[in-house]
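The values are calculated or read from the model by the stated rules, or taken from the named source; none is laboratory data. Predicted model, so just to flag it, every value in this text is computed and none were measured. Cβ coordinates were reconstructed from backbone atoms using ideal geometry, including for glycine residues, and neighbour counts include every protein chain displayed.
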Amino acid sequence: MFDASQYFSRVDRVLATAAHLIQAPDRFNHPKILTNGGVAVWREKITFTTGHRLEVMDCYSRLQRGMETRNFKYQFMDSDAGLLFRFDTHGKSLPLCEPCHLHVAAGQIFEGDPRLGQLSLVAMDFLRAFHLAHTYLDGGSFPWE
């Protein structure tokens, strides 16, 4: 079962650890966790000291039948707003066990594409997207390159 409090605590720790890479790291929006409805929502625009941006929309919900879903977008752009990657569900709430898809400058990439290597689009979340952005900013490359 998805634990929103635990997940967003990990998000806070990751952002605190990377504060030296982020412009205005003390101005983050805190996730809204509505326990009575089983909903957790977080929207954020993270600007790195390089000018790169990571836009975040994270929504997790637990339906009455107990099914857990997610709807998200993690969009990483260069300092000129050029798309580097966007993981998203196209605004649809998907079960946690279903993959999102990936947008890159050359088009879309889906789960199972050999260019992804070991990267799973089923397991994608903010922590993984942030790690990919951080690795890129540190001189690394994306798995699909």
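General remarks:
- Set side by side, the residues 133, 105 differ, and just one is modelled with pLDDT of 95 or more, in contact with a strand residue (DSSP E or B) (Cβ under 8 Å, 6 or more places away or on another chain) and closer than 24 Å to residue 44 by Cα, which is 133.
- If you filter segment 1-14 down to residues that are modelled with pLDDT under 90 and hydrophobic (A, V, I, L, M, F, W, C), you find that the one that is nearest to residue 131 (Cα to Cα) is 8.
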